[in-house]
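Worksheet: the structure to be examined is printed underneath.
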Amino acid sequence: MPISQIFTLWVGGLLTLMIFSFLYKDNPYYKFAEHLFVGVSAAYAMVVAFWSTMIPNMLGAIYPQSMGWFVVNQAEAATLTAQASKWWRIFPVILGLMMLARLTPKGAWLSRWPMGFIMGFSAGTNLTRFLQSDFIAQIRSTIIPLVVFDKSGAFSFGASFTNWVIVLGVLACLIYFFFSKEHKGWFGGTARVGIWILMVAFGAAFGYTVMARISLLIGRMNFLGQWVGSVF
């Protein structure tokens, strides 16, 4: 096995054991691995954002001829440098520099302008996006036929039963969140059914999350097995 691969296995194995040591109690080894992970992740994210976002979208858009300094592929560099300059992108650069004014006590008020622009723009664009992807899509998914026939024209009991469960489950959950009427009688019974449906949905979501974390744990255990196998 190459020396570089052995070194990588040892570093990964030791850092993994340092993180697992938190299961016993908080200790300096865990804190070292935690701070190292946060620092490396922040540095990696900063480098990726610089080369994949700032260089092409800022410098490459305002001054396309500069892309020849950063792109090694000559054909790709020629294509990028031939693009027209998008001079108007200087305004986002100015807003970004105004955000950095928050680091100075006297110029902190300048950061309110780009912050307000970001909040307003994000709220406006996300409103329409969430309306289309969540609100309207969920309503459309609930407007389904209660009696389903297959392609041959025969009655499909399974599909019909599924649609009935979806429609009645949605109505029961909506009734549970209707607080203008006291939950008594048939109304309260339907609200309790809505509670059960919500609990089943939350339990399924939690179980899915746990299984995803378990798969990560299995992958880490396999890595530790490779590490121990390289030692012995």
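Summary table below
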| read-out | value |
| --- | --- |
| Some residue of region 189-199 being under 25 Å from the mean Cα position of the chain (by Cα), in a helix (DSSP H, G or I) and not basic (Lys, Arg) | yes |
| Residues of region 139-163 that turn out to be free of Cβ contacts under 8 Å to residues at least 24 places away in the same chain, surrounded by 11 or more Cβ atoms within 10 Å (Cβ to Cβ) and part of a helix (DSSP H, G or I), as a count | 5 |
| Given (1) aliphatic (A, V, I, L, M); (2) without any contact (Cβ under 8 Å) to a residue 40 or more places away in the chain; (3) over 24 Å from Lys86 (Cα atoms), index of the condition Met58 fails | (3) |
| Any hit, region 118-135, residues being more than 30 Å from Leu198 (Cα to Cα) and not in a helix (DSSP H, G or I) | no |
| Residue match in region 100-116 (condition: more than 25 Å from Asn222 (Cβ to Cβ), aliphatic (A, V, I, L, M), within 27 Å of the chain's Cα centre (by Cα) and at pLDDT below 90) | yes |
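Listed here are the residues, each with its yes/no results for (1) surrounded by fewer than 15 Cβ atoms within 10 Å (Cβ to Cβ); (2) at pLDDT below 90; (3) over 20 Å from Ala137 (Cβ atoms).
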residue	(1), (2), (3)
Val165	yes, no, no
Val170	no, no, no
Ile175	no, no, yes
Ile195	yes, no, yes
Val200	yes, no, yes
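The values are calculated or read from the model by the stated rules, or taken from the named source; none is laboratory data. Predicted model only: the values in this text are computed from it and were never measured. Every residue, glycine as well, gets a Cβ built from its backbone with ideal geometry; the counts of neighbours run over all protein chains shown.
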